[in-house]
Amino acid sequence: MLPILALALLASCSTPPIRTEVAPRLDLPPYRAADLSPMPAEELLWGGMVIEVRNRADVSELEVLAYPLDRRQRPMLRAPTEGRFIATLPGYVERYDYPEGRFVTMRGFVRGRRESLIDEKLYVYPVLEATQIHLWPRGFQHTGPRFSFGVGIGVIR
């Protein structure tokens, strides 16, 4: 029993997919059109759900619905969303490699902002120049060690 418990403990301490000293940014609010405060210049670790992929002349853009990240850098899907951002990747990105609805975690630098409409509402997107990206497998939120302990009382008649 002890070796199984030790193995489960080691499995729960797995390393995050993006090796970095950068902590997830949990203090950045969603950027709205009315928020004209300066964008942070430091390196960020952001993640969320891919909404759309757009290929431009020199870069590809992923529009991402941001979620807070847990200590393993996974988007926390039960938490409220944190707005949207645009991640730029060099060159051409196949939209089938980053399909809508898949989750990503990215490391990079905010390199500005872009205003655009979401439906009929003006929105300000932070633009992240991604230096690393991790695409989470489908069902990633259901992986990892699970423990269950129970105590019961039986009555025999």
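The values are calculated or read from the model by the stated rules, or taken from the named source; none is laboratory data. Only a predicted model underlies this, so the values are computations on that prediction, with no experimental measurement involved. Methodologically, a virtual Cβ is constructed for each residue, glycine included, from the backbone with ideal geometry; neighbour enumeration extends over all protein chains shown. Areas reflect the complete protein model, heavy atoms only, side chains present, ligands, DNA and RNA absent. Shrake-Rupley method; radii C 1.70, N 1.55, O 1.52, S 1.80 Å.
Here are a few things to note about the model shown:
- For the stretch 120-131, the criterion of being over 17 Å from the mean Cα position of the chain (by Cα), part of a loop (DSSP other than H, G, I, E, B) and modelled with pLDDT of 90 or more is met by at least one residue.
- Number of positions in the stretch 49-85 that are within 12 Å of the chain's Cα centre (by Cα) and of a type in the set (Ser, Thr, Tyr): 2
- Single residue of the stretch 67-97 satisfying the filter (polar (S, T, N, Q) and within 23 Å of Phe140 (Cα to Cα)) that is surrounded by the most Cβ atoms within 10 Å (Cβ to Cβ): Gln73
- Checking each residue in the stretch 103-119 for being surrounded by 16 or more Cβ atoms within 10 Å (Cβ to Cβ), more than 16 Å from Leu45 (Cβ to Cβ) and modelled with pLDDT of 90 or more picks out no residue at all.
- Applying the condition of being of a type outside the set (Gly, Ala, Ser) and open to solvent by 80 Å² or more (accessible area, probe 1.4 Å) to the stretch 144-157 and asking which residue is modelled with the lowest pLDDT yields Arg146.
- Restricting Glu61, Glu100 to residues that are open to solvent by less than 30 Å² (accessible area, probe 1.4 Å) and touching a strand residue (DSSP E or B) at 6+ places or on another chain (Cβ under 8 Å) narrows the list to Glu61.
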